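Everything below concerns the one structure shown next.
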Amino acid sequence: MQLLNATNIAHDFEYPLFTDINLSLNAHESMAIIGASGSGKSTLLHILSSLLAPKSGTVELFDKNIYTLKKDLLVDMRRDDIGMVFQSHYLFKGFSGYENLEVAAKLSNTSIEDSVLEDLGIKDVIHQKVTELSGGQQQRVSIARVLTKKPRLIFADEPTGNLDSETALDVMKLFRQYLQTHEAAMVLVTHEKSLAMECDHVYKLVDMKLEKVK
Ligand SMILES: Nc1ncnc2c1ncn2[C@@H]1O[C@H](COP(=O)(O)OP(=O)(O)OP(=O)(O)O)[C@@H](O)[C@H]1O
Ligand SMILES: [Mg+2]
């Protein structure tokens, strides 16, 4: 089943950023986008994940054109089917890690899985206030929050940027397990090629185009 289909995407700010981008993704697949700082990776991720309309081209998620879709349907899709891990994570700072997960579980009508907390190594700290967690622990809470939603598409921008390489690989393994066991797919932006190569498909943004690496 195809979950994402992007056709002829082009975007620019003050200058052209990229053109002719075509991507698709099926359930159980992962895709990484690599490229130099400033090449437009985060911008492309925002376009694919419904946050920024491209200058031209179409993005279909779950067979729906997200930039012509009615606003309330898009809000439903974002809440129920799309999970995002941002470069800077947006946890509720006054809450504990666990309370952050409870909000996600409540909104999506799902439950928090102990095994996810265990796999991410945050079971022992999850009841601490977010402000009392290290940057890497906060990042892992934000990953747990996304997985708690049970999204059909995960968009992750440098999700392991604050983690040591061993923990980063553990997190990738957890994402892979999630994709294997759910009708879900993931788009990952990273500057670390070794992490990118863990994905089924790898593309590089270079000279305003997307080159296939794997
Ligand atoms: N909202 C915006 N308005 C104007 N220019 C922007 C905006 N967002 C990004 N840019 C510009 O677009 C270019 C690409 O930015 P983007 O954040 O997509 O890069 P990136 O590949 O994710 O970089 P990094 O690896 O450093 O995160 C940059 O030159 C940036 O300054
Ligand atoms: Mg970026």
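Values computed for the structure shown
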item: Mean Cα-pair separation over length for the stretch 87-156, i.e. relative contact order, pairs under 8 Å, 6 or more apart, %; result: 45
item: Most fluctuating residue given options VAL59, VAL103, VAL130, as computed from a GNM of the chain linking Cα atoms under 10 Å; result: VAL103
item: Values of log10 I(q)/I(0), in the order q = 0.13, 0.14, 0.15, 0.18 Å⁻¹, for the chain under a Debye, Cα-only, solvent-free model; result: -0.71, -0.83, -0.95, -1.33
item: Relative contact order of the stretch 2-212, pairs being alpha-carbon contacts under 8 Å that are 6 or more residues apart, as %; result: 32
item: Nearest 10 degrees, 0 to 90: helix 71-80 Cα axis against the chain principal axis; result: 50
item: Pairs beyond 22 Å (Cα-Cα), from LYS41/LYS70; LYS129/LYS173; LYS193/LYS214; LYS71/LYS212; LYS64/LYS173; result: LYS41/LYS70; LYS129/LYS173; LYS71/LYS212; LYS64/LYS173
item: Principal-axis tilt of helix 165-181 within the chain, Cα atoms, nearest 10 degrees; result: 80
item: Degrees between helix 97-108 axis and first principal axis of the chain (Cα, 0 to 90, nearest 10); result: 60
item: Point-to-point label distance, SER134-GLU102, nm (Cα→Cβ direction, 7 Å offset); result: 2.7
item: Most mobile listed residue (GLU132, GLU198, GLU14) in the chain, GNM with C-alpha springs under 10 Å; result: GLU14
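Bear in mind these aren't lab numbers, they're just calculated from the coordinates by the rules spelled out. Everything numeric in this text was worked out from a predicted model, so none of it was measured. Virtual Cβ from ideal backbone geometry, glycine too; neighbours counted across all protein chains shown.
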